[in-house]
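Colleague: Below you will find the structure I want to go over with you.
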Amino acid sequence: MVLPRLIPVLAPKIADAFSATSSFDGLLVIFSKLSSTVSLAPLQPFQAALNAVAKADASADKATSLVVAPNAPGSRIILSPTGSLRGDVDDVRRFADAARSGLAKSRAAGVKKPLVFLANPFADASVASTPRMKRDYAKFLEVTLLGLFAEAYQPLQAREHFTAQGKPEESFEEIGIAVEDGENAEQAIKFATAVEQGRRLAKDVGGSDPERMTPLRAAEYVEAAFAGTDVKVSVMRDVDLIKKEYPFLHAVTRASLAVPRHFPAVVRLEYHAPDPSKVKENVFLIGKGVTYDTGGLDIKAGGYMRGMSRDKCGATAAAGFLKVVSILKPTHVNVIADLGFVRNSCGADGYVSDEILLSRAGVRALIGNTDAEGRMVMCDLLCAARERALEPRYASVPTHLMTIATLTGHAVRAVGPYAIALGNGPSREQGIPDRLFKAGHLVGDPFEISTLRREDYEFGAPGAPTEDVVQSNDKASTMTNRGHQSPAAFMAVASGIAKHGLDSESPVSYTHLDIAGSAEEGGKGLSLAAVTGSPVAALAQAFLA
């Protein structure tokens with residue numbers, strides 16, 4: 001996994017870098033308003049050409065464009081405006097959008113080594129430097145860099161193909177970063193590079209096809225990604241042991257056991273801060289890693305199976321966050337992740353609706369829909385995390401349990417392309433959903449906040465003495481009221497966490513993150529949508545910054 005190198009270009013080297021003799025072959029300027037940008041000192045050599053554009057092209061502040069300038073690097077300047085920054089719905093993603101659009105234009109123009117100049121938005125008199133602006137755009141440099149990285153990314157299977165053909169893996173090996181105020185540039189590059197390492201791990205595994213990333217191959221890739229780091233990796237591949245420890249997960253994978261290469265794997269990643277006395281909190285992540293979701297015997301019909309190789313993006317996001325942890329090496333937090341990699345296949349031994357299964361926590365669950373497999377995959381892993389969270393080693397400081405999954409279509413219907421944070425009582429008291437919301441807003445990886453209600457627990461309440469909870473109804477989540485909330489309630493009950501609410505002697509903070517909306521973006525023609533690596537950036541800002 002090789003990222004483009006971000007090279008800080010700071011005073012007094014900016015003048016040389018902006019010249020026609022520079023080693024860079026294109027200048028990408030990201031700005032909010034061109035008329036206020038052309039007067040900035042680094043752009044003085046090109047002022048006449050840029051003034052002409054500002055005067056002649058009314059779209060210069062709205063659309064990305066290319067200007068021929070013989071005295072510029074590569075004789076070309078790409079102008080990429082952020083557009084409005086002060087409106088009610090404007091946020092820091094304006095910078096990521098401008099970075100992506102500008103770099104895409106640079107690639108199309110044949111630029112191989114761009115120099116990116118980011119004009120300080122607060123130097124623009126038309127952009128009031130209010131407390132709100134400073135707060136919302138505090139991470140605009142980091143978000144710009146993440147936008148550049150996102151546009152530069154090539155999927156794993158594309159890179160592997162290019163390598164086999166003897167071609168370069170990446171479109172850009174180096175990207176120069178020129179900013180007027182270089183004081184925070186180095187730190188921003190460090191943070192963005194670490195987050196991108198995590199996002200790329202998430203995207204490499206999450207975006208690869210179901211045979212390139214079978215459960216076992218996904219586990220191997222994750223294992224290799226942490227070689228030589230401070231993160232301890234253990235992989236459970238023994239099917240009998242998985243059945244004993246995680247019976248719900250085993251039920252989902254039963255039909256896949258007819259095909260050895262589709263066997264399951266449970267991956268545990270553990271990072272413990274070097275000095276336990278400095279630890280302020282623990283974070284336990286549980287990731288859904290369904291490498292292909294046919295729906296099981298409640299099979300996805302009518303084309304709804306397409307794209308289900310992306311149903312592992314919860315587990316890959318958790319792994320990606322641990323990758324960031326392994327690079328930044330925080331001293332204040334322990335982070336542990338359990339990833340359940342399985343394939344929800346169809347077959348004679350598949351689990352079926354009407355089965356009653358016993359969870360790790362000893363809770364009997366009546367199966368209502370085999371396509372509600374994500375909550376099954378995570379439930380026993382969540383139970384194991386609850387058990388560990390109550391151990392003396394972790395109980396002395398606040399501990400936050402989180403499930404991460406592309407879980408429901410209802411989440412997409414409810415909030416569109418955003419992730420959802422849904423906390424139980426202790427989670428809300430500790431402010432975890434709000435913390436994720438604020439962190440995501442800062443780094444352009446937004447969350448919406450949802451709430452667990454009594455109706456969500458009542459939805460799966462037993463109606464017979466044969467079960468303790470009902471896993472699901474027989475309808476798609478999009479056709480079910482509160483279709484993204486009730487799965488979290490089910491997991492709380494079946495894992496035993498429901499007994500650790502605000503009124504218990506040992507409350508356990510549990511937050512469910514449904515990333516069905518944020519895990520993918522776009523999609524051209526008949527191709528699959530691109531994976532995003534969300535919410536790696538938000539998690540990094542929330543728990544590591």
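Colleague: Using only the Cα atoms, what convex hull volume per residue in Å³ does the chain have?
Modeller: On the way: hull volume 86.4 nm³, N = 545.
Value for the chain: 159 Å³ per residue.
Colleague: Give the residue list of GluC sites (Glu not before Pro) in segment 471-538 that are DSSP loop and have at most 16 other beta-carbon atoms within 10 angstrom. Write down the numbers at each step before the final one.
Modeller: Details: sites: E505, E520, E521; in loops: E505.
In loop regions of segment 471-538 (DSSP not H, G, I, E or B), the sparsely surrounded GluC sites (Glu not before Pro) are E505.
Colleague: Using DSSP to call loops (not H, G, I, E or B), can you name the GluC sites (Glu not before Pro) in segment 181-241 whose Cβ has at most 13 other Cβ atoms within 10 angstrom?
Modeller: Values: sites: E183, E186, E196, E211, E220, E223; in loops: E211.
Within segment 181-241, the qualifying GluC sites (Glu not before Pro) (loop, at most 13 other Cβ atoms within 10 Å) are E211.
Colleague: Still on this structure: How many percent of the alpha carbon pairs in segment 176-223 exceed a separation of 16 Å? List each step's numbers first, then the result.
Modeller: Details: 597 of 1128 pairs.
Tail of P(r) above 16 Å: 53 percent of Cα pairs.
Colleague: Report, in cubic angstrom per residue, the convex hull volume of the C-alpha atoms of segment 156-203.
Modeller: Cα-based convex hull of segment 156-203, divided per residue, equals 77 Å³.
Colleague: Right, another one. Rounded to whole Å, give me the distance from the Cα center of segment 74-145 to that of segment 326-343.
Modeller: Going from one Cα centre to the other spans 32 Å.
Colleague: Sorting M479, M308 on the 10 Å Cβ count, fewest up front, what's the list? Intermediate results must be reported in sequence, preceding the final value.
Modeller: Details: M479 12, M308 19.
Listing M479, M308 from fewest to most nearby Cβ atoms yields M479, M308.
Colleague: Sticking with this structure for a sec: Per the helix-only calculation at 222 nm, which mean residue ellipticity applies to the chain, given -39500 (n - 2.57) for every DSSP H run of n ≥ 4 and division by its residues, nearest 500 deg cm²/dmol? If you can, show how the numbers build up before the last one.
Modeller: Details: 20 runs with 194 residues, N = 545.
When only DSSP H runs of four or more count, the value is -10500 deg cm²/dmol.
Colleague: Sticking with this structure for a sec: Please report the antiparallel percentage of the DSSP beta bridges confined to the chain, to the nearest 5. Present the calculation step by step, with values, prior to reporting the outcome.
Modeller: On the way: 25 of 75 bridges.
Looking only at bridges with both residues in the chain, the antiparallel portion is about 35 percent.
Colleague: For helix 215-225, report the angle its Cα long axis makes with the longest principal axis of the Cα atoms of the chain; keep it between 0 and 90° and round to the nearest 10°.
Modeller: 50 degrees
Colleague: Using the Karplus equation 6.51 cos²θ - 1.76 cosθ + 1.60 (θ = phi - 60°), what ³J(HN,Hα) coupling, rounded to whole Hz, does each residue of segment 342-347 give in order, writing x for Gly and Pro?
Modeller: Result, ordered by residue: 9, 10, 8, 9, 9, x Hz.
Colleague: Moving to a separate point now. Take the alpha carbon atoms of segment 367-400, find their center, do the same for segment 241-282, and report the distance between the two centers in whole angstrom.
Modeller: Value for the Cα centre distance between the two parts: 11 Å.
Colleague: Quick one: Kirkwood hydrodynamic radius for segment 5-183, alpha-carbon pairs, angstrom, one decimal?
Modeller: When all Cα pairs of segment 5-183 are included, the Kirkwood radius is 16.6 Å.
Colleague: What distance in nm separates the two pseudo spin-label positions at E429 and A395, each 7 Å out from Cα along the beta-carbon direction?
Modeller: Roughly 1.6 nm, to one decimal.
Colleague: Going by how many other Cβ atoms sit within 10 Å of their own, how do V252, V9 line up, fewest first? Let's see the in-between values first.
Modeller: Values: V252 27, V9 21.
Neighbour counts put them in this order, fewest first: V9, V252.
Colleague: For N369, list long-range residues whose amide hydrogen, built 1.01 Å from N in the peptide plane, is under 5 Å from its own amide hydrogen.
Modeller: HN-HN under 5 Å from N369: S472.
Colleague: Another question about this same structure. Got a sec to turn the phi values of segment 13-29 into Karplus ³J(HN,Hα) couplings, 6.51 cos²θ - 1.76 cosθ + 1.60 with θ = phi - 60°, whole Hz, x for Gly and Pro?
Modeller: Using θ = phi - 60°, the values come out as 8, 4, 4, 5, 5, 8, 8, 5, 8, 5, 6, 7, 10, x, 10, 9, 10 Hz.
Colleague: Report, in whole Å, the centroid distance computed from the Cα atoms of segment 497-545 and segment 198-227.
Modeller: Using only Cα atoms, the two centres lie 18 Å from each other.
Colleague: Given Cα pairs under 8 Å that are at least 6 residues apart, what percent is the relative contact order of segment 5-183? Could the numbers behind the result be given before it?
Modeller: Working: 316 pairs, mean separation 54.6, N = 179.
About 31 percent, as a whole number.
Colleague: Is segment 210-535 rounded, prolate or oblate when judged by the Cα gyration tensor, a ≥ b ≥ c being the square roots of its eigenvalues, rounded requiring a/c under 1.5 and prolate requiring a/b larger than b/c? It would help to have the intermediate numbers written out before the result.
Modeller: Numbers: a/c = 1.27, a/b = 1.15, b/c = 1.11.
Note, shape of segment 210-535 comes out rounded.
Colleague: Can you bin every Cα-Cα distance in segment 424-545 into 5 Å intervals starting at zero and give me the percent of pairs per bin, rounded to whole numbers?
Modeller: Reading upward from the zero bin: 2, 10, 16, 18, 17, 16, 11, 6, 3, 1, 0.
Colleague: Hey, any idea what the orientation-averaged projected area of the convex hull of segment 256-385's Cα atoms comes to, in nm²? Mind dumping the intermediate values first?
Modeller: Values: hull surface 37.7 nm².
The Cα convex hull of segment 256-385, projected and averaged over all directions, gives 9.4 nm².
Colleague: Quick one: of the DSSP bridges fully inside segment 210-535, what percent are antiparallel, nearest 5?
Modeller: Working: 21 of 52 bridges.
Once the DSSP bridges in segment 210-535 are tallied, antiparallel ones form about 40 percent.
Colleague: Also, quick follow-up: When only C-alpha pairs under 8 Å and at least 6 residues apart count, what is the relative contact order of the chain, in percent?
Modeller: Averaging sequence separation for qualifying contacts and normalising by length gives 14 percent for the chain.
Colleague: When L50, L407 are ordered from fewest to most other Cβ atoms inside 10 Å of their Cβ, what list results? Mind dumping the intermediate values first?
Modeller: Working: L50 25, L407 29.
Sorted ascending by nearby Cβ count, the order is L50, L407.
Colleague: Pull up the DSSP beta bridges for segment 16-123 and report the antiparallel fraction as a percent, rounded to 5. It would help to have the intermediate numbers written out before the result.
Modeller: On the way: 4 of 14 bridges.
Bridges in segment 16-123 that DSSP calls antiparallel: roughly 30 percent.
Colleague: Give a residue-ordered list of calculated ³J(HN,Hα) values for segment 69-85 (Karplus: 6.51 cos²θ - 1.76 cosθ + 1.60, θ = phi - 60°; whole Hz; x for Gly, Pro).
Modeller: 9, x, 8, 9, x, x, 6, 8, 10, 9, 9, 10, x, 7, x, 4, 10
Colleague: So what is the relative contact order for segment 218-341, in percent, with contacts set as C-alpha pairs under 8 Å and at least six apart? Could you put the intermediate results ahead of the total?
Modeller: Working: 201 pairs, mean separation 42.7, N = 124.
Across segment 218-341, relative contact order equals 34 percent.
Every number here is computed from the coordinates shown, using simple stated rules; none is lab data. Remember, it's a predicted structure, so these values are computed and weren't measured experimentally. When we count neighbours, we look across all protein chains shown, and the Cβ atoms used for this are built from the backbone with ideal geometry, even at glycine.
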